[in-house]
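Working notes, beginning with the structure itself.
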Amino acid sequence: MSQAKKLRKMLAEPGIIRAPGAYDAWSARLIEKAGFPAVYMTGYGLSASLIGRPDIGLLSLTEMAGEGKNIAAAVDIPVIADADNGYGGLLNVVRTVQEYERAGLAAIQLEDQVMPKRCGHMEGKQIIPKEEMAAKIRAACYARKDPDTVLIARTDARAVIDFDEALARAALYAEAGADVLFVEAPQSVEELQTIANTIHKPLLANMVEHGKTPMLTGKELEAIGFKIVIYPVTTLYTVTQAMMDMLKKVKQDDTSKHDTKHMVAFPDFNEMIGLDAIRELERSFMK
Amino acid sequence: MTNKKKFRELLAAPDILVLPGVYDAFSAKMAEKAGFSGVIMGGYQVAASMLGEPDVGYVSLTEMTFSLRNICNAVTIPVVSDGDTGYGNAMNVRRMVREYENAGTAAILLEDQVWPKKCGHMEGKKVISREEHVMKIKAAAEAKKDPDLVIIGRTDARAVNGLDDALDRARSYAEVGADMLFVEAPQSLEEMKRIVSVLKPLGKPLLANMVEHGKTPGLTANDLQDIGFDAVVFPVSAIYAMAQTLMKLFAVLKQNGTTASLADTMMSFTEFNQLIGLPAYTAMEETYTVRS
C-alpha cells in the first residue's frame, strides 16, 4: 500500500495521528523506531539542518524535495511534508506538488503566507489574499497525480488579521479541495475548540514549545476534535540542547571520555542504523 | 587572474564585449571555441534546457546554481549569470550571491521584477518598488566575497512605468552598489541613445540585450558600441537555433526513418570528440597508466 493510501486510512480510522518533526533522514528513522505512525518533515528544521539558517524562506524547492526524498526513502511510514507557500505562484505550486509526490511524500502542506515566508510562530508574517490561496489549493489538486496524496491547507491569518478571518479562510480552503485544514497558532483552548466545531474536515494541530498555542496532550486534542498533531521542533530543540551541552563539556574537559553515558554506544548506534541487517543482506549475495 | 578581474578588464576595454547566451556546459564550451571572451547563462534558457518549461519562475536557486557550476567548470572565460529576482527578498538575494559566487560566476544580473518573474520580453510583467530593489542591490553588493564580482542592476520598469522611471531606478541601483547597469527592453533607437546619455555619466558599464523578435530594435554589436554600450548579450540565439535544428532533424527522421539526407549538416564523430575535448583526456589517461 502506498504511504499516501496508508495515511488516508489512518485519517479514516478513529484516533489522532501523532507526527513528530524530522529534519533529516536519521531523525525520521528514530521517529519510526519510537513507534510513531507518521513523520512530519519540517521546513524550520530543514533550514537549520541543511544550511544552518533560520526559517525565513531561504530553502529552494529543490532542496526541500531532495531532503524529502531522503526522508521518505528512510522510513516505511507516511511523511507529512511542509511545502511552505509552494515556492511562488500557482505554477510553482503545480511543480511543488509534482516534485513532492515523486519524492514519495504522502501529504503536502501549503500555507497562505507571502513569498518569502517565515516560521508560523515568528513575528512579522504577511499573508496573500484568500482567493489567491484558494486558487493555489485548486492548482495543488490539479497537480496531484495520485488521488491519495493528502493536501493540507494552512492559514496564517490568526496572527496577521484575526481568528474569524482564519476560520473563514479554513472553510474556503476546505471548499477549494484541501483534505486537511491547519489553522496556525490559535491562542487558547477555546479557539482550538471553535476550529473543531466550525470546520468539518480532518484538522491538524501544531504543538510548538513556547509557541502561541497552549500545549495539550494528543488525547486532549483528540477530544477537542483534532485528527493530526505535529511536534515539528521538539526533536530539533532536544538535539540542539544535547549537542550544545556535550560540546561545552568536551571543550571544558579537553576530552569526551567523561560523558559517554549521555551518548549512544558504538555498537548500539550501528544496530540502530541497521548495519547488521545490511551486512546480512550483503552476505546473502555471496554464495 | 580571476575571471571576475578578467571580466572587469573586458568591460573596460575599448571594444564592446559580446556575450552569447548559453544553456548548458556544452553550449558554453562551443561559445568559447568560437572565440567569445565571455558567455551569459540565462534563466530562460536553463528553464527550457533543464526542465523543458517556460521562464515563469520555475527554476529554483539550487537548480540554477547547479547549472551555473557546470558551465563555469566547462570553460575558462568569464560566465555572467542570471540571478533573476534573487528568488525572494534581500535575504534570499544574499544567499543567491554567495551560491553563485561559489559556483564561479564573474557577474550576476539582479532584476526588479516581482517573484515569480517572467522573461523580460513577455507581457504582463510587474516590478517591485524602487526602494525594495535598492535594498536588494545593496544586499547583493554586501554579500560579495570578492570585491571584483560584478553586480548588474537590471530594471524591467520600461514596460511597466515608462523609460523615465527605468532610468531613475538604474541611477538608484548604481548609487547603492550596482557595478553595471541594464535597462531591459527599450523600444526604439532613441530610447537606447537616451539610456546611454543619461546613465553613461555615472561611470558604470552599460549592458544591452538583443533578443531576436523582442521589443528592442535588432542592432549589431558595432552599432551598439557606437551608441555607447559596453557589453551586449544575445541570450536566446543559441537555444532558438538549437530548437530549430532539432525540430528539423526530428521531422526528417520521423518521416524518412533515416537521417541520411541530413548527414552533411551534422558534425562528424571525430569533430565532435575533438570539440568535447576527448583527445586531452586520452593523453591524460596515457600519463596515468601504470607501466610494468
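Rule-based calculations on the coordinates, nothing more; no lab input. The structure displayed is predicted, hence computed values, not measured ones. We place every Cβ from the backbone using ideal geometry, glycine too, and count neighbours over all the protein chains shown.
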What spacing in nm lies between the two simple spin-label points modelled at B:M122 and B:L51, each 7 Å away from Cα in the Cβ direction?
-> 1.0
Using only alpha carbon positions, build the gyration tensor of chain B, then give the equivalent ellipsoid semi-axes as the square roots of 5 times its eigenvalues, largest first, whole angstrom.
-> 34, 23, 19
Between 0 and 90°, nearest 10: helix B:3-12 axis offset from chain B longest Cα axis = 60
Under the helix-only model (-39500 (n - 2.57) for each DSSP H run of 4 or more, divided by the residues of chain B), the mean residue ellipticity at 222 nm, to 500 deg cm²/dmol, is -14500 deg cm²/dmol
If each residue's Cβ is checked for other Cβ atoms within 10 Å, how do B:T258, B:T62, B:T289 rank with the fewest at the top?
-> B:T289, B:T258, B:T62
From the cross-link list B:K4/B:K144; A:K33/A:K249; B:K4/B:K204; A:K136/A:K212, which pairs have alpha carbons spaced over 19 Å apart?
-> A:K33/A:K249; A:K136/A:K212
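Tell me, what is the FRET efficiency for B:F272 and B:T2 to the nearest 0.05, using R0 = 30 angstrom and their Cβ-Cβ distance as r?
0.45
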Rounded to the nearest 0.05, what FRET efficiency do B:E175 and A:K219 have when you use their Cβ-Cβ distance and R0 = 60 Å?
-> 0.50
For the pair A:A25 and B:L249, how long in nm is the line joining their label points, each one 7 Å along Cα→Cβ?
-> 3.6
Once fully extended, how much extra length lies between A:E175 and A:N70, figured as 0.36 nm per residue of separation less the alpha-carbon to alpha-carbon distance?
-> 34.5 nm
A:V93, A:V75, A:V189, B:V176 arranged by Cβ crowding within 10 Å, fewest neighbours leading = A:V189, B:V176, A:V75, A:V93
Calculated FRET value between A:A277 and A:T238, using beta carbons and R₀ = 22 Å, to 0.05 = 0.25
For residues of A:91-98, the mean tally of beta carbons on other chains within 10 Å | 3
Of all DSSP beta bridges located in the protein assembly as shown, what percent are antiparallel, nearest 5?
-> 5
